[in-house]
Amino acid sequence: MADPGGGRPVTVSDVQQLVRRKDEIEAQIKACYELLEGQKGVGMHEPLVDAEGFPRADIDVYQVRTARHNIICLQNDHKAVMKEVEEALHKLHAREKEKHAKDEAEAMAEAMRQNQSVPQPFAKVNAVTPGSPASVSGLQVDDEIVEFGSVNANNFQNLQNIATVVQHSEGRPLSVTVIRGGRRVHVGLTPKRWAGKGLLGCNIIPLQR
């Protein structure tokens, strides 16, 4: 079956239209059989001539012939439309299957893209002292660190890496990126002397992966 609309994909509406056509043909066939039944029940094969070879006088021969001819034509149409319904359903199912597979592939690709775009955290803030440089910068407890200056998940080995960056950046703003509530947050943190201990005033622990 050529797709309705010259190459247009088969839709549910197309199938419904074909089913309506099938129902109409079946109704017409039924009407023709009822007409034959009304003509002394001649059916499709009863002879239309009497014993002497003359057209039967007890029935409308012309009407019977017409009804029989219509039934044969309608049955052929019915066979053809049933084939179209079957093909249309097959195409519809195939397209649904293809669409489902495509949706799954797209969802998987999107998940992979998101995994790549969200860097892996390597350390976590588990304490921030009020009034400290870390507190002033907006760093919060439970922030997961993905970048601390030049340190990231790829080159992080231990907390000494962070300590070295902090010592070399005293008085200069450091770019820190954290994951907070599932979102990336950028913080400008300036290590410096303050009333408390160290240059940051926060406690950082490595994340076990």
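The values are calculated or read from the model by the stated rules, or taken from the named source; none is laboratory data. Keep in mind that this is a model prediction, so the values were computed, not measured. Here Cβ is always computed from backbone atoms with ideal geometry, including for glycine, and neighbour counts include all displayed protein chains. Each accessible area value is taken on the protein alone, full model and side chains, heavy atoms only, with ligands, DNA and RNA left out. Shrake-Rupley method; radii C 1.70, N 1.55, O 1.52, S 1.80 Å.
Here are some notes:
- With every protein chain in place, the stretch 62-209: carbon and sulfur % of accessible area (1.4 Å): 52 percent
- Length gained when the stretch E24-V61 is fully extended (0.36 nm per residue, less Cα-Cα span): 10.8 nm
- Cα-based reach from K192 at 22 Å (exclusive), listing lysines while leaving out same-chain residues under 8 positions away: K124
- Accessible area (Å², per residue) of the stretch 162-209, counting only protein heavy atoms and a probe of 1.4 Å: 64 Å²
- Working from Cα pairs under 8 Å separated by at least six residues, relative contact order for the chain is 18 percent.
- Share of alpha-carbon pairs per 10 Å distance bin for the chain, given as whole %: 7, 20, 12, 8, 7, 8, 8, 8, 7, 7, 5, 2, 0
- Straight-line reach from K91: taking Cα to Cα under 17 Å and skipping same-chain neighbours fewer than 8 places apart, the lysines in range are K83, K99, K102.
- Local electrostatic count at D50 - Lys and Arg +1, Asp and Glu -1, tallied over other residues with Cβ under 11 Å: -1
- Per residue solvent-accessible surface (Å²) - the stretch 1-132, probe of 1.4 Å: 70 Å²
- Over all Cα atoms in the stretch 1-125, the spread is summed up by Rg and Dmax: 29.0, 111 Å.
- The chain, helix-only ellipticity at 222 nm - DSSP H runs n ≥ 4, -39,500 (n - 2.57), divided by all residues, nearest 500: -17000 deg cm²/dmol
- Separation between Cα centres of the stretch 31-63 and the stretch 126-152, rounded to whole Å: 99 Å
- Alpha-carbon spread of the stretch 101-209, three principal axes, descending order, Å: 61, 25, 24
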